[in-house]
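Throughout, read-outs are computed from the coordinates displayed, never taken from laboratory work. Keep in mind that this is a model prediction, so the values were computed, not measured. For neighbour counting, all protein chains shown are included, and Cβ atoms are generated from backbone atoms with ideal geometry for every residue, glycine included.
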Amino acid sequence: DSGVTQTPKHLITATGQRVTLRCSPRSGDLSVYWYQQSLDQGLQFLIQYYNGEERAKGNILERFSAQQFPDLHSELNLSSLELGDSALYFCASSDGTGNEKLFFGSGTQLSVL
Amino acid sequence: AQRVTQPEKLLSVFKGAPVELKCNYSYSGSPELFWYVQYSRQRLQLLLRHISRESIKGFTADLNKGETSFHLKKPFAQEEDSAMYYCALRPSGTYKYIFGTGTRLKVLA
């Protein structure tokens, strides 16, 4: 067990709705990454936080936002959901100190109907 | 644009045969490259990284800057190697990890 916890495991919602995905990093890790995996798209980097601050940004839509809290857990907020947002959302953590090993969570499967 | 390309979605080999999973990258600077693996019902995990020049579970990968490739190789495939393999690039000076679309390796008995 890598120690990265993502909740919920599955989420089914309707278009136009807003959802929040949660990630708790591995104990001691300060950095959290969010990835989106759609069919045939591979892992698309969304955003990274380090110790509460945004550190890197990828192809994250304006409808999506994220934050990392003082206890280092992170939330990814997806709003005005569209059918195309259906995907597996992964969170990963690392110590952020130059050790480039990412530890992944098991993902949240989002289905937008 | 920075990109990682894994041209094969699926690669099937027989047990004991050599295996090579291809990875090409697009990046003008000095890259850091990684292979991640996801076994059935397990989480995505790091297999190896080029800076370590290590061999993990019999797998090796050599960075070829001229061909901008980082192919993963194993001389004799085992059934337990069956998994999804992802190549990833981290551009120098950044904290972004860019993943390829993955290759599913099936090792047949």
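A few comments on the model shown:
- Every pair of residues 6+ apart whose Cβ atoms lie under 9 Å, when the first sits in region A:74-87 and is in a helix (DSSP H, G or I) while the second is among the charged types (D, E, K, R): A:Asp85/A:Arg63
- Single condition A:Asp40 does not satisfy, out of (1) touching a residue at least 12 places away in the same chain (Cβ under 8 Å); (2) of a type outside the set (Lys, Arg); (3) in a loop (DSSP other than H, G, I, E, B): (1)
- The residue that is surrounded by the fewest Cβ atoms within 10 Å (Cβ to Cβ), counting only those in region B:12-24 that are under 17 Å from B:Asp62 (Cα atoms), more than 13 Å from chain A (Cβ to nearest Cβ) and of a type outside the set (A, V, I, L, M), is B:Pro18.
- Of all positions in region A:85-100, at least one carries a residue that is more than 14 Å from chain B (Cβ to nearest Cβ), within 14 Å of the chain's Cα centre (by Cα) and surrounded by fewer than 21 Cβ atoms within 10 Å (Cβ to Cβ).
- With respect to being free of Cβ contacts under 8 Å to residues at least 60 places away in the same chain, over 21 Å from B:Ala17 (Cα atoms) and touching a Lys or Arg at 6+ places or on another chain (Cβ under 8 Å), B:Arg53 falls outside the description.
Every residue, every condition in (1) under 25 Å from A:Gln37 (Cα atoms); (2) in contact with an Asp or Glu (Cβ under 8 Å, 6 or more places away or on another chain), yes or no:
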site: B:Ala1; (1), (2): yes, no
site: B:Ala17; (1), (2): no, no
site: B:Asn24; (1), (2): yes, yes
site: B:Glu32; (1), (2): yes, yes
site: B:Arg43; (1), (2): yes, no
site: B:Lys73; (1), (2): no, yes
site: B:Ala83; (1), (2): yes, no
site: B:Thr101; (1), (2): yes, yes
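- Set B:Lys57, B:Lys74, B:Lys9: member being crowded, with 17+ Cβ neighbours inside 10 Å, out of contact with any His (no Cβ under 9 Å at 6 or more places or on another chain) and under 17 Å from B:Leu105 (Cβ atoms): B:Lys74
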